[in-house]
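So the structure is just underneath, and the comments pick up after that.
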Amino acid sequence: MPTTNAYTYTRVLMGSPIFLKLFVDNPPLVEEVYARIGELEDQLTVNRAHSEVMDINHAAGKHPVSVSPALFQLIKRATEVSLLAGSCFNLTIGPLVKRWKIGFQGHTVPPQEAIDALLPLTDPHQLVLDASNHSVFLPHAGMEIDLGAIAKGYIADVIKNLLYQRGVYHAIINLGGNVQTLGRPQNGPNQQWAVGLQKPFGDNGELIGIIHVVNKSVVTSGIYERYFVADDKLYHHILHPRTGYPLDNELFSVTIISDASIDGDIYTTLLYGMGVEKGREYLQAYPHIEAIFVTRDNKVIFSSDKQFTFTLLDNSYQLAG
Ligand code: FAD
Ligand code: MG
């Protein structure tokens, strides 16, 4: 079997280490990849005063803002998912995310009155999209779009396409938990990508097991990456759109295996909100999207496993059907 050298890179963007592995020595391409991610961060971030998304947020209650076609499509997709019946995905969750600051300096448990006052500003039905001029309008001052639950997946797919355009068909990119793989690895014994399933609250790099895939996206959302503890209670960063508090259920994490990473990012958040039973039922209609649920009672549950194989490393976890 031919073995090729691997070239690996890590840079911090979007508050996350962004890992890239190629099997060609192509420094200009590496620069192009990180520059493209930087451009997309500049466009999509809500953690700085200015970005295309912040232009929409600053105009809340004032006027619609025309955005680039790609951003309009991303917002349209995020809106559709937010408007699904019972959805826990909500792209207009921004005011609550900003108030809690989970994962950022200054996190606090807001008083109930503050949450009650912000909830009406997080109704995705109020968002006004106009396809004729790609405009987005938040009709009330204080409303804010937050694409944190979808943007990394979108970016991972953009980078996959960029690499294809440059003739690269074997690579892996990890945007802080959003992994996108191209083809097969060109070195190592088994010709599959090995993506670690993190042990919740374990040391960095401690794994429950390994997910083996070829040419798939593997995205994980969990409660153990961004959280804080106050009065012995853990507050994590996936908020329930109807209570305004972190979603409370039986799950530590959800991992999605799919072709498009944007689907992975959407479904991790959506299925986290559904929990195991509803989530598995829901996925029956989407055979190309598979989930791995990790529960608080140490079970690892697959919705199905046609697109990956799994090696369990930690025997305190049980594979459960
Ligand atoms: P997911 O589960 O996919 O998403 C959770 C995130 O989505 C939350 O952090 C919140 O932002 C939002 N959210 C919470 N509840 C819901 C809900 N019910 N529905 C929809 N969305 C919800 N981190 C930094 O520390 N510093 C930075 O400067 C920074 N800049 C960023 C810039 C960009 C463009 C992006 C995409 C991310 C950035 N981040 C930054 C990380 C960001 O704050 C989130 O932590 C990250 O996007 C969460 O992704 P995830 O896949 O881990 O979680
Ligand atoms: Mg997500």
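The values are calculated or read from the model by the stated rules, or taken from the named source; none is laboratory data. Only a predicted model underlies this, so the values are computations on that prediction, with no experimental measurement involved. Neighbour counts run over all protein chains shown; Cβ positions are idealised from the backbone, glycine included. Heads up: the accessible areas ignore ligands, DNA and RNA and are worked out on the full protein's heavy atoms, side chains in. Shrake-Rupley method; radii C 1.70, N 1.55, O 1.52, S 1.80 Å.
ALA59 fails exactly one of the following numbered conditions: (1) within 16 Å of ligand 2 (Cβ to nearest atom); (2) open to solvent by less than 80 Å² (accessible area, probe 1.4 Å). What is the number of that condition?
The single condition ALA59 does not satisfy is (1).
Is it fair to say HIS288 is within 15 Å of ligand 2 (Cβ to nearest atom) and open to solvent by 40 Å² or more (accessible area, probe 1.4 Å)? Before you say what the answer is, go through the steps one by one.
Values: within 15 Å of ligand 2 (Cβ to nearest atom): no; open to solvent by 40 Å² or more (accessible area, probe 1.4 Å): yes.
Answer is no for this residue.
Just to be sure I understand the filter: pairs with C-beta atoms under 6 Å, separated by 6 or more residues or on different chains, first member in the stretch 15-26 and within 19 Å of ASN215 (Cα to Cα), second member aromatic (Phe, Trp, Tyr) and open to solvent by less than 70 Å² (accessible area, probe 1.4 Å). Which pairs pass?
Taking only residues 6 or more apart or on different chains, the pairs are LEU20/TYR9; LEU22/TYR7.
Against the condition of a type in the set (Asp, Glu), in a loop (DSSP other than H, G, I, E, B) and within 13 Å of ligand 1 (Cβ to nearest atom), how does ASP265 come out, does it pass? Show your work before the answer.
Values: of a type in the set (Asp, Glu): yes; in a loop (DSSP other than H, G, I, E, B): no; within 13 Å of ligand 1 (Cβ to nearest atom): yes.
No, not satisfied.
Would you be able to say whether some residue in the stretch 237-247 is open to solvent by 40 Å² or more (accessible area, probe 1.4 Å), in contact with a Phe, Trp or Tyr (Cβ under 8 Å, 6 or more places away or on another chain) and within 12 Å of ligand 2 (Cβ to nearest atom)?
yes
Quick one: would you say GLY279 is within 15 Å of VAL219 (Cβ to Cβ) and surrounded by 24 or more Cβ atoms within 10 Å (Cβ to Cβ)?
Numbers: within 15 Å of VAL219 (Cβ to Cβ): yes; surrounded by 24 or more Cβ atoms within 10 Å (Cβ to Cβ): no.
No.
Which residue is nearest to ligand 1 (Cβ to nearest atom), if the candidates are limited to the stretch 156-171 and must be in contact with a strand residue (DSSP E or B) (Cβ under 6 Å, 6 or more places away or on another chain) and open to solvent by less than 20 Å² (accessible area, probe 1.4 Å)?
Here the answer is ALA156.
Taking the stated definitions as given, is VAL30 in the same structural domain as VAL12 (by TED's automatic domain parsing), of a type in the set (A, V, I, L, M) and part of a loop (DSSP other than H, G, I, E, B)?
Working: in the same structural domain as VAL12 (by TED's automatic domain parsing): yes; of a type in the set (A, V, I, L, M): yes; part of a loop (DSSP other than H, G, I, E, B): no.
Criteria not met by VAL30.
If TYR154 meets every condition in (1) within 21 Å of ILE56 (Cβ to Cβ); (2) within 16 Å of ligand 2 (Cβ to nearest atom); (3) not assigned by TED's automatic domain parsing to the domain that holds VAL179 apart from one, which number is that one?
Every condition holds for TYR154 apart from (3).
Please specify each residue of the stretch 124-155 satisfying the condition of being touching a residue at least 60 places away in the same chain (Cβ under 8 Å), within 15 Å of ligand 1 (Cβ to nearest atom) and assigned to a loop (DSSP other than H, G, I, E, B).
MET143, GLU144, ILE145, ASP146, LEU147, GLY148, ALA149, ILE150
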